[in-house]
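Everything on this sheet refers to the single structure shown next.
Rule-based calculations on the coordinates, nothing more; no lab input. Keep in mind that what you see is a predicted model, and the values were worked out from it rather than measured. Cβ sites come from the backbone with ideal geometry, for glycine too, and all protein chains shown count toward neighbours.
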Amino acid sequence: MSLLQVNHLTLKFGGITSVNDLSFEIPEGIIMSVIGPNGAGKTSLFNMITGFYKPTSGEILFDGESLVGRKPSLITQKGIARTFQNLRLFPNLSVLENVMSGMHSKTSQGVFGALFRTRAQKQEENLIRSVAGKCIDFVGISQYTHRLAKNLPYGIQRHVEIARALATQPKLLLLDEPAAGLNHGEKLELIELIRRIRQEFRLTIVLIEHDMGLVNQVSEHILVLNYGQKIAEGTPAEVLNNPLVVEAYLGKEEDDEQSA
Ligand SMILES: Nc1ncnc2c1ncn2[C@@H]1O[C@H](COP(=O)(O)OP(=O)(O)OP(=O)(O)O)[C@@H](O)[C@H]1O
């Protein structure tokens, strides 16, 4: 069964059509990649799924329910979490505080609770702290728990973003260029981490990625966009041998593949 279904999705910015009549499905439990040249519409697609952009037309169904017009916080509550291409951590907060910050949309206590720290609020905060700690541990960065985000190496900051997304306990995890800026060893660790996340949390994972070596190793399904449109879809073997894909994208990325 499909966890997410996209039907005839279009996004326009004035004269620019960033996503053009796009339809596809994400089967539950899969690790899938969205690839395509710069400006192909990949991040715009993530932004529509997570409620940051409102589609010009079309439909997005998550577990059969429409997401169009919903706020990002509600979409997080429904079970979709993401990381960002450009990291969006709070630089002056600790790793723990950053990961806990991702969970506020799941909490039930309102202004009264926040002001007077009721017993329920304290219990809830303890629970959040404990879940956040487990996620930090799971991604393998517990030694950095109390360090400020701004003082951490880039690769560790990327792990903090993933821990923050996991802490919201999603069903669908969207990773926007998770390997960007990572060295070869860190990329291998990332592949391992993505597989462990799927196995341990039984998640569906979709990544946008330019690193063809990583895409090829980790993906069970690939969707290829070019100028906002789907030009190919299938297994890595099917997609990576498709002449349209080679022409649109892979030819340009051969160097990256060799360096991965
Ligand atoms: N907020 C915006 N305002 C205007 N145009 C936008 C906006 N966001 C995206 N676009 C345009 O939509 C098109 C698709 O951009 P998008 O960032 O989705 O591509 P992408 O495939 O993620 O590219 P990259 O691989 O470089 O990140 C581009 O032409 C971009 O300039």
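Legend: calculated FRET efficiency, Asn7 to Asp137, from the Cβ-Cβ distance at R0 = 41 Å, rounded to 0.05, equals 0.55. Summed over qualifying helices (DSSP H, 4 residues or more, each -39500 (n - 2.57)) and divided by its residue number, the chain shows a 222 nm mean residue ellipticity of -11500 deg cm²/dmol. Mean-square fluctuations from a GNM of the chain, with a 10 angstrom spring cutoff on Cα atoms, peak among Thr204, Thr50, Thr235 at Thr235. Amide H to amide H, with H built 1.01 Å from N, Val19 comes under 5 Å of Leu11, counting only residues 5 or more places away or on other chains. Taking Lys and Arg as +1 and Asp and Glu as -1, the other residues whose beta-carbon sits under 11 Å from that of Thr50 total +3.
Cross-link pairs exceeding 29 Å in C-alpha to C-alpha distance, out of Lys12/Lys71; Lys54/Lys150; Lys71/Lys230; Lys42/Lys134; Lys122/Lys187; Lys71/Lys134, comprise Lys54/Lys150; Lys42/Lys134; Lys122/Lys187.
If the chain linking Glu238 and Phe52 were pulled fully straight, counting 0.36 nm for each residue of separation and taking away their Cα-Cα distance, it would gain 63.8 nm. Only helices reaching 15 angstrom along their own axis (Cα) with mean Kyte-Doolittle hydropathy no lower than -0.5 count here, and for the DSSP H runs of the chain these are 154-167. In this structure the amide hydrogen of Val34, modeled in the peptide plane, comes within under 5 Å of the amide hydrogens of Leu207, Ile208, Glu209, Leu223, none closer than 5 places in sequence on its chain.
A full extension of the chain between Leu74 and Asn92 corresponds to an added length of 3.9 nm, given 0.36 nm per residue minus the alpha carbon distance. Between the alpha-carbon centres of segment 67-89 and segment 120-138 there is a gap of 20 Å.
Each label point was placed 7 Å from the Cα along the Cα-to-Cβ direction; for Ser101 and Gln199 their separation is 3.2 nm. Legend: Rg and Dmax of the chain, from Cα coordinates, 18.7, 63 Å.
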